[in-house]
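In what follows, a structure is listed as structure tokens, so that the remarks can point back to it.
Values in this text are rule-based calculations from the coordinates and carry no lab data. If you're wondering where the values come from, they're calculated on a predicted model, not measured in any experiment. Cβ placement follows ideal geometry from the backbone for every residue including glycine, while neighbour counts extend to all protein chains displayed.
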Amino acid sequence: MRGDIRSASALMRSSASRASSRVVRKKAYPEADIALIGLAVMGQNLILNMNDHGFVVCAFNRTVSKVDEFLANEAKGTKVVGAHSLEEMVSKLKKPRRIILLVKAGQAVDDFIKKLVRPALSPLLLV
């Protein structure tokens, strides 16, 4: 019986040391359900609407200062997260990645599509 107790004790210590070596690192931000590019009036309101309905949204704009202003003002106290680069935005998205592109028609749309549609980003849903 004494041997059984020692074996059980050794097993518990071994399990505890393995568990402590498997530290799960939690991200400093919640993973976003969807990202929205374009923080004009319509983009900001769509982000806030999605947030009100329980979605975590990542906001991005070519003019990075607009992201900071939006998070500090209109989106203050929400679960909205911001990104200062496309790479950062993509890293904050759950897979499959869902991105809404809400920018003025023309060259800006073409540029964003070229940057976003790459094999490294698949699977990707771009709206």
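The table for this structure:
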item: Mean separation of Cα contacts under 8 Å, 6 or more apart, over the residue count of region 34-126: relative contact order %; result: 31 percent
item: Filtered trypsin sites (Lys or Arg not before Pro), region 43-77: DSSP coil and at most 15 other beta carbons within 10 Å; result: R62, K76
item: Rg and Dmax of region 34-126, Cα atoms only, in Å; result: 12.4, 36
item: Most positive-pole-ward Cα, L93, N51, L71, against dipole of region 34-126 from beta carbon charges; result: L93
